[in-house]
Amino acid sequence: MDYLHWFDLMGVAVFAISGTLAAWRKQMDGFGVLVLATVTAIGGGSLRDVLLDVPVVWMNNNNYFIAIFSAALITIVLLRKRLTIPNNTLQFFDAIGLAFFVIMGTQKALDHGTSYFVAVMMGTMSGVAGGMIRDVLCREIPMVFRGELYAFACIFGGTIYILVQLAGATTLIAMLLGMSSLLALRLAAIKWQLTIPVFGKHSSDLGEP
């Protein structure tokens, strides 16, 4: 297996961890853990492949489920030994998953002949869709709609990846720089609560002025 496949599996595993953490926070049972870990890990990639009209990547490769179940099991064991986890742990693993999935999704879109703009959008969709499904199942507002510089970080990382490639770097170097830039921006946004405000603080009353 080449490094692209390993990156894909690492992204799946990390997102499975974030799904398991979300299930733990909601005190779900074992089935709930597996469902949340699985949809978080493969939801974005499945949507990407359907839109690209290519075979869904996990349907003919059991390695993805091995990665999901292994990551979920290890996370469960660690959580059972530790009753509390830092508040930002879920956001941390979600950010790492984004770094892998956005860049891999962008590259896969490019491989199938999309424009650079569409490739970045596909990469962003690959990164955020699984987390959106996770949050909806947890009955929460999806993190992409409330997280600090969430979608912007995805677009930024995908754009850096393409620009570095256009500058003549190898695919591996471009991927590492794209992932690093996305992860750095997302973690900085979480730490310092960086946002792009549109509406200021206001009353929730939407009646006539």
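The values are calculated or read from the model by the stated rules, or taken from the named source; none is laboratory data. Computed from a predicted model, the values in this text were never measured in an experiment. With ideal geometry, Cβ positions are generated from the backbone for all residues, glycine too; neighbour counts draw on all protein chains shown. Protein only, heavy atoms only, side chains kept; ligands, DNA and RNA dropped before computing areas. Shrake-Rupley method; radii C 1.70, N 1.55, O 1.52, S 1.80 Å.
Phe31 - would you say it is under 16 Å from the mean Cα position of the chain (by Cα), open to solvent by 20 Å² or more (accessible area, probe 1.4 Å) and of a type in the set (Phe, Trp, Tyr)? So Phe31 does not fit the description; no.
Considering the range 1-28, and only residues there that are open to solvent by 70 Å² or more (accessible area, probe 1.4 Å) and of a type outside the set (Ser, Thr, Tyr), the residue that is nearest to Ser180 (Cα to Cα) turns out to be Met10. Among the residues of this structure, Ile96 does not count as one that is touching a helix residue (DSSP H, G or I) at 6+ places or on another chain (Cβ under 8 Å) and free of Cβ contacts under 8 Å to residues at least 12 places away in the same chain. Given (1) crowded, with 17+ Cβ neighbours inside 10 Å; (2) under 14 Å from Ser18 (Cβ atoms); (3) modelled with pLDDT under 95, where does Glu148 come up short, assuming only one miss? It is condition (2) that Glu148 fails. Restricting Ile155, Ile133, Ile162, Ile141 to residues that are farther than 17 Å from Val14 by Cβ, open to solvent by 60 Å² or more (accessible area, probe 1.4 Å), aliphatic (A, V, I, L, M) and in a helix (DSSP H, G or I) narrows the list to Ile155.
State all residues of the range 1-36 that are more than 18 Å from Thr89 (Cα to Cα) and part of a helix (DSSP H, G or I); if no residue qualifies, say none. If the condition is that a residue be more than 18 Å from Thr89 (Cα to Cα) and part of a helix (DSSP H, G or I), then Tyr3, Leu4, His5, Trp6, Phe7, Asp8, Leu9, Gly30, Phe31, Gly32, Leu34, Val35 are the ones that fit.
Which is open to solvent by less than 10 Å² (accessible area, probe 1.4 Å), without any contact (Cβ under 8 Å) to a residue 40 or more places away in the chain and not β-branched (Val, Ile, Thr), of Ala174, Ala119, Ala167, Ala184?
Ala174
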